[in-house]
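Each value in this text was obtained by applying a stated rule to the coordinates, not by laboratory testing. Owing to the predicted nature of the structure, the values given are computational and were not obtained by experimental measurement. Cβ sites come from the backbone with ideal geometry, for glycine too, and all protein chains shown count toward neighbours.
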Amino acid sequence: MSPTPQEYNKMSQKAAPNSKLFRNMLVAFLIGGLICTIGQGVMEWMQSLGLEQKDCGAVTSISLIFLSALLTGLNCYDNIAKHAGAGTLVPITGFANAMVSPALEFKREGMILGVGAKMFSIAGPVILYGSAASVLYGLVLAIFG
Amino acid sequence: MAVKTGKYTYLLENTPSVLSFGSVGSKKESEGPLGQYFDVINPDSTFGESSWEKAESKMVQISVGQALSKGNFEADQIDMAFAGDLLNQCIGSVYGLRDLGIPFVGLYGACSTMAESLALSALFVDTAIAKKALAVTSSHFCSAERQFRFPLEYGGQRPPTAQWTVTGSGACVVGESGAAPYIRAVTIGCIEDLGIKDANNMGAAMAPAAAKTITRYLTDTHTRPEDYDMILTGDLGQVGSALLEQLLEQEKIHLQGRHQDCGLLIYDRQQQDVHAGGSGCGCAASVLCSFILPKIRKGTLGDVLFVATGALMSPTSSMQGESIPGIAHLVHLSSSRRRKGVE
Amino acid sequence: MELLISLGKAFLVGGAFCAVGQVFIDKTKLTPARILVGYVVLGVLLSALGLYQPIVDFAGAGATVPLTGFGHLLAIGVKEAVAQKGLLGALTGGLTASAAGITAAMVFGLLVALLFKPGDKS
């Protein structure tokens, strides 16, 4: 008698080893926290140079994105991310890695459909749905606000 | 001549031989427990090529070259090549065999392809349609990763059930009965699907197919696991292996320590960060051609059931939310022409 | 001392955003892309409800660097643009405010693709 799909689903869940959630959360917390601390450091520095608040934020993002792009190019980012998980996924560096890594990986498929198109294969949805949500918010504001 | 016994199994009465075989791997494979058994190890996983796909084709050329030269064969002595890999339209095999001028049958059975190609080679030779047939499969971690998952530089985290695609290839030349290893029987598997959808848990998706094929073979041949020295599945990994044994227990079939899995043999799971084990067409192929066949040739292993398993999904079917169908083909390899105690 | 406190706040809050993300990775079948989309949309939503600005005021980069901060940036951009230009601002505000980040990622991506070689994983 072979098991039903439901029975087998239970069997396979039992057989699958669990992720070490607590340890993974701790590493994610530490690395993610560190990335944000670097960001805060850049921000404080820019403020001390007398930059406008908005521009400070922009420079912070650009610096972290640059750092992430560089580490991605040097094949380091994935090795950190293997341990850090969400710690390198959730900060803006994860967004940058999601754009840079396919651009680099698919350059053999050409500059247009390789680098150009694949760059948005993971990060594209983030830009799309972020923008769509903001437009929706804008519409609500424009109509009711 | 091959005769069908039961519903799914063919007995090969002329017992074709695996005349020669070759294997190739890269750095991670060389660091595993089987590293010393490979014919060729190139620590540079690009194999000097400009793309991962070309590197995979290069591995096909190397393993085929090894198999041919070790048997002193020329490519034009081979009547038929059965080959496959994981890449779209099997380009690993196609570009690897392009220049050899051997009649080519491209196969797709995912990670089960080595058993599939070996079974077909044996059937062709046993029925005298071919004098010599070539079975070869390959996989490359990088080419598989970028096709099925993420770009290599992408920072993702693999769940503990995920398996690591082997960078390797194995090739066998099958010919008329000569020396061991002999191919005594083959069972062609059916597509089995128990609804697993997680592409990061392929061992679970494939285990039912392996259990079905093993059960069918044992039923068809009226044999028991005790009649074999090893039941070697391909790429079930740690999760799939545990599930296979549970599924067979339900059928009252007890493997009793005879079960080994190529995905568990090839890497050291404690040291090598491969999670549930190895996978890919090149896993079963390279383990078979580096570690198992020499032992059968020497006689240190007598009868081996080689059951390579495949997960027959594509990125498209995964994205559309389809479950993952599994398949398993079985090849009975033996160090003797006749079963012990018979005749 | 003030600097240390602000760095510490960024560390704690930013780390907390990431630790929550880890729960989604380990306990759900959500792909990374889905988690990122979720964070951005959540950021827009929280900002629209006026809940995100207080976190930014408290933690600085600890709230702006995680992708919810990207959503927050889109939302405040839209809010300002709508105040200035009305309905048109709903379409222009988001990307205008986030132009620096997106353009930087695109251009650095292009540069990295040109300058570096894809490598194997170990």
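Report the charge-dipole magnitude of chain A in Debye, nearest 20, computed about the Cα centre from +1 at each Lys and Arg Cβ and -1 at each Asp and Glu Cβ.
Details: 9 positive and 7 negative charges, 105 e Å.
Its charge dipole is roughly 500 debye.
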Between region B:278-317 and region A:1-48, the alpha-carbon center distance in angstrom: 34
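Let me have the relative contact order for chain C, percent, based on Cα pairs under 8 Å that are six or more residues apart. Provide the component values of the computation, followed by the final result.
Numbers: 115 pairs, mean separation 25.5, N = 122.
Relative contact order comes out at 21 percent.
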C:L87-B:R158 FRET efficiency (beta carbon distance; Förster radius 45 Å; 0.05 resolution): 0.45
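When only Cα pairs under 8 Å and 6 or more residues apart are kept, what is the percent relative contact order across chain A? Could you put the intermediate results ahead of the total?
Working: 101 pairs, mean separation 28.6, N = 145.
In percent, rounded to a whole number, it is 20.
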Rh (Kirkwood; distinct C-alpha pairs) - chain B, Å: 19.4
Signed unit charges on C-beta, dipole axis of the protein assembly as shown, positive-most listed residue C:A61, C:G109, B:N42: C:A61
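With Cβ to Cβ distances under 14 Å as the rule, what net charge do the other residues near A:T93 carry (K, R +1; D, E -1)? Could you put the intermediate results ahead of the total?
Details: positive: none; negative: A:D78, B:E153.
In short, -2.
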Helix A:120-144 axis, angle to chain A major axis (alpha carbon atoms, nearest 10°): 60
Angle in degrees between helix A:21-48 and the longest Cα principal axis of chain A, rounded to the nearest 10: 10
Net +/- balance of residues flanking B:D273 in space, Cβ distance below 12 Å, scoring K and R +1, D and E -1: +3
DSSP H segments from chain C that extend 30 Å or more along their own axis, Cα-based, with Kyte-Doolittle mean of 0.0 or above: C:2-27, C:87-115
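When only Cα pairs under 8 Å and 6 or more residues apart are kept, what is the percent relative contact order across region B:1-140?
Numbers: 249 pairs, mean separation 35.7, N = 140.
Value for region B:1-140: 26 percent.
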Selection from B:V136, B:A179, B:I196 lying farthest towards where the dipole of the protein assembly as shown points positive, charges on Cβ: B:I196
Pairwise centroid distance, computed over Cα atoms, of region A:109-145 with region B:122-146, Å: 45
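Using just the alpha carbons, could you tell me how many Å³ per residue the convex hull of region A:98-145 encloses? All intermediate terms of the calculation are to be shown ahead of the outcome.
On the way: hull volume 2.9 nm³, N = 48.
Spelled out: Cα convex hull of region A:98-145, divided by residues, is 60 Å³.
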Rounded Å value of the spacing that divides the Cα centres of region B:194-234 and region B:1-26: 18
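With only Lys, Arg, Asp and Glu charged, each at its Cβ (+1 for the first two, -1 for the last two), find how big the charge dipole of region B:1-99 is about the Cα centre; round to the nearest 20 debye. Could you put the intermediate results ahead of the total?
On the way: 8 positive and 13 negative charges, 63 e Å.
Computed charge dipole of region B:1-99: roughly 300 debye.
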Ascending count of other beta-carbon atoms within 10 Å, so fewest first, for B:H222, C:H72: B:H222, C:H72
Shape call, region C:17-108: gyration tensor on alpha carbons, a/c limit 1.5: prolate
On Cα atoms only, tilt of A:5-15 relative to the major axis of chain A in degrees: 70
Entries in A:K118/B:K58; B:K7/B:K132; A:K20/C:K27 that, when Cα-Cα distance is taken, lie over 18 Å: A:K118/B:K58; B:K7/B:K132
Cβ-based charge dipole, region B:73-171, positive-most Cα from B:V125, B:G156, B:A81: B:G156
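Within 10 Å of each candidate Cβ there may be at most 10 other Cβ atoms; applying that plus a DSSP loop requirement, which trypsin sites (Lys or Arg not before Pro) in region B:4-34 survive? Each step should come with its number before you reach the end.
Working: sites: B:K4, B:K7, B:K27, B:K28; in loops: B:K7.
Counting only loop positions with at most 10 other Cβ atoms within 10 Å, the trypsin sites (Lys or Arg not before Pro) in region B:4-34 are B:K7.
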Cα-based Kirkwood hydrodynamic radius, the protein assembly as shown, one decimal, Å: 25.9
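For region B:36-77, rounded, prolate or oblate, judged on the Cα gyration tensor with a ≥ b ≥ c (square roots of eigenvalues), a/c < 1.5 rounded, else prolate if a/b > b/c? Don't skip to the end; give the middle numbers.
Numbers: a/c = 3.95, a/b = 1.56, b/c = 2.53.
Cα axes put region B:36-77 in the oblate bin.
Taking neighbour Cβ counts within 10 Å as the exposure measure, how do A:F120, B:F82 sort from fewest upward? Could the numbers behind the result be given before it?
Working: A:F120 18, B:F82 29.
So the ranking, lowest neighbour count to highest, is A:F120, B:F82.
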Principal axis box of region B:255-343, alpha-carbon based, largest edge first, Å: 54, 33, 25
Order of B:I129, B:I188, C:I25 under a 10 Å beta carbon neighbour criterion, fewest first: B:I129, B:I188, C:I25
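About its Cα centre, what dipole magnitude does the protein assembly as shown give when the only charges are +1 on Lys and Arg Cβ and -1 on Asp and Glu Cβ, stated in debye to the nearest 20?
Details: 45 positive and 47 negative charges, 97 e Å.
Here the size comes out at about 460 debye.
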Paramagnetic label zone (point 7 Å from Cα along Cα-to-C-beta, A:R108; backbone N under 18 Å) in region B:145-162: B:145-154
Rounded, prolate or oblate (a/c below 1.5 giving rounded, otherwise prolate when a/b exceeds b/c) for region B:91-185 by Cα gyration tensor: prolate
Rg/Rh for chain A, where both radii come from Cα atoms and Rh is the Kirkwood radius: 1.11
